[in-house]
Amino acid sequence: MKKIIFTALILFSFTQLFAATTGTESAANENTNGVDRYAIFIGSNKGGKGREQLLYAGSDAQNFQKTMTEIGGITDSNSYVLIDPSKEKIDETLNQISTKINTSVSTAKRSEFIFYYSGHSDENALLLGDVPYDYSTLKAAITNVPSDIHVVILDSCYSGNFIRTKGGQKRKPFLLDDSSVVSGHAYLSSSSDNEYSQESDEIESSYFTNAMITGLRGAADTSGDNKVTLNELYSYAFNDTLSKTESSKAGPQHPNFNITLVGSGDLVLSDISTAEAMLSLSKDAKGKFIIRNAEGKLISEINKVAGQPIYMALPAGQYSAVIIDEYSTKSGIFLLEKDNIYVLDQNSLSSIKRKNNRVRGTTYDEDDILPIDDLEQPTGNRSRRRYESEKIEDDSDDDEILEKPNRPGKSTVSEADSDDIQFTDFTPENMSYTHISVFPGVSITGGGKDYTLASIGIFGAYDKNVRIAQISGLANIASGSVFGLQSAGLFNTANTIRGMQDSGLFNISGNVHGVQAAGLFNISSKKMNGMQAAGLFNVAQEVSGIQAAGLFNCARKVRGVQVGVINIADENDGIALGVFNFIKDGMHHIGFNWDTNDRFDWFIQSGTKHLFVTFGDSLDRDEISSSNIDYNNLTHVVYAGLGTEFRFWFSSIDLEFLQKLVICPSLYPQNREEFRNFNFTEYVIPSFRFTWNIISGNVVDLGVGASFDLYIQNKNEQAFALTSHKNGLKGDNTILYPSYFIGFKIK
């Protein structure tokens, strides 16, 4: 026990030393801009009764905070992120910041406070679920924060009303640089006093926040000084938000402002020269630049003209780019390295073939060049109230579908799921409130409309789009989307499910946002956001959530959990729990150890670095080296467990919790009756294994470590009687037996 305590103290000391070093470095950098900045970033997805749940308000707040921490001069200690907070929690955090400012001993020239909110609101208040926080009270609470400058950014419907409440009027903006002595406020809102604010599934963000973050990272730097000022940011966010929402069904969105600052110069909000890495859009490059990270998330979409370079501050890592200009479309992958600048232009990427789309009502030669606008994907919006994208099907022979996807209020249409049929404005002409059928296509009453509220099939049902439920004895077919429940005795098919799809045998769908459950198997040919559960297997392209099956799960990309006997994925950024885990970017190790208890150990590890599964077998070296092996008395220690990996430099550490079972054929039951009465717990050993892979390469790991087996009095004495253990650490009713080993793993 003393050895364990001693080891723990050493590890704790190293941890404290690392924390102290990091803290010293952080403190040294805290006032590099001569300004102390404090901030609250609030994301409230809950709209309360009668309002839809938003999808991206929380992530908008986190992404804004991440950007301001990286290049906006806000330290982690001065930054507060609140997701779905109560009014009391916001007030409590405002008081914390006020106390921090009042007690600060900083020598900075001034203090600044940034208040960011993304979520629901109406004409009078922010809406925190069912609790309103009225604008006048909020403005007073923000004003009470004792900072020299208050910057308020509201991304919500009708947020322009915050600017119109008592205490604000538009003046010519006198801003500041960090050498000025100034005070005042700057209020930015995502929309005017009578407009919706909108978010989109394609960018997984609101348009306004996405424009603000893109601008802060460099797109708004019109002066070319590698700094983004408040004036530059507002101008960029206004133009970008308006251009992406002006054709929206929710209506164009006009960001608003009120700035009353005393001073001169410019208020610098971000300094992109401090970024971890830089992306440069070259001086001569022109066209639409679409940048995504390694996970495929849209980072920025910039319409660039030739004549001036644009620098973007981004974290180091792998990115992809698509450039669309008047004559070509090019794409490719590039790597941003720390402290380096990567120059991106048309010559950096490879050309891709454009699609020839038919245009109704006009003709053109194949050699004609379509303008850039004809190449854009349709825009799907979500505002604080919901509409869905609308597909208009033509009765002609063309296989084409014209789309106008939009919705007001913060609401959503997935542009990645551009084949979806989503919400729309229902009319009596295109809606069947009830549809009763015998077989698919054989109706008793209702049917034949684009939308069905509820559909019931005696044996089967066919509908285009269903909004509450589609239920039948055998099979359901929906050529469009189902928002609600699709349930059948045998199988279901649909283009998109937003809700639940369950059947006795199998389900097939394009996109699933919710639950897909079947007795045999589920297939989601596009995205699965939620849970797939099946008796045999699940298949999906992309999974964000859980895949659970009795036999195997298969997906291209997983952000979540796979649970099955066999799990297969190209990428898994979460957890794979199974006997066999074939994760292309995960762990596939075969290992061998020799320990001080004179045992030879072999094992396999599979899964992800976050959590992997271990199966192994251990044998006594003397028994297997004997010329006469007595297989009836050969003692095996088979084991299984879970582990996690920590990688650093050229080394790694494995921590594993294992359950060992001691097996000796001559002592185990020989018939069913003995087996039924046999006490296996006497042969089980709880164990913990620590491995330091001193050299961790691409093919082989060379490591040393320690394993700790736990003896429990009157519980597992038989297991320890059959195995050799040395130098135990005694407790009251337990003994901890350590052993030390050396070994290697083949990857």
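The values are calculated or read from the model by the stated rules, or taken from the named source; none is laboratory data. Fair warning: this is a prediction, and the values are worked out from it, not measured in the lab. Note: ideal-geometry Cβ built from the backbone for every residue, glycine included; neighbour counts use all protein chains shown. Quick note on the areas: whole protein, heavy atoms, side chains included, nothing else; ligands and nucleic acids left out. Shrake-Rupley method; radii C 1.70, N 1.55, O 1.52, S 1.80 Å.
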Surface share of carbon and sulfur [accessible, 1.4 angstrom probe, percent] for region 515-559: 72
Net lengthening on full extension, residue 107/residue 328 (0.36 nm per residue, minus Cα-Cα): 74.2 nm
Taking the C-alpha atoms of region 660-747, convex hull volume expressed per residue in Å³: 120
Region 454-557 - accessible surface per residue (Å², probe 1.4 Å): 33
Formal net charge of residues neighbouring residue 557 (Cβ-Cβ distance under 9 Å; K, R +1; D, E -1): -3
In nm, spacing of pseudo-spin labels at residue 678 and residue 458 (7 Å Cα→C-beta vector): 5.7
Residue-span extension gain [residue 744 to residue 341] - 0.36 nm each, minus C-alpha spacing: 141.1 nm
Estimated FRET transfer efficiency when R0 is 45 angstrom, pair residue 655-residue 292 (beta carbons, to 0.05): 0.85
Those chymotrypsin sites (Phe, Trp or Tyr not before Pro) in region 613-722 that DSSP places in a loop and that have at most 14 other beta carbons within 10 Å: 631, 649, 650, 678
Approximate spin-label separation residue 83-residue 100, in nm, with each point projected 7 Å along Cα-to-Cβ: 1.9
Inter-probe distance in nm under a simple model that places probes 7 Å from Cα toward Cβ, at residue 634 and residue 273: 7.1
Contour minus Cα-Cα distance for residue 123 and residue 664 (0.36 nm per residue): 187.1 nm
Pairs beyond 19 Å (Cα-Cα), from 66/297; 660/747; 49/87; 304/330; 66/526; 286/330: 660/747; 66/526
Net dipole in debye of region 495-564 [+1 Lys, Arg Cβ; -1 Asp, Glu Cβ; about Cα centre; nearest 20]: 260
Fraction of the pair-distance distribution of region 584-689 above 19 Å, Cα-Cα pairs, percent: 54
Nearest-10 value in Å² for the accessible area of residue 689, using the 1.4 Å probe: 10
Residue-normalised accessible area of region 632-747, given per residue in Å² at a 1.4 Å probe: 57
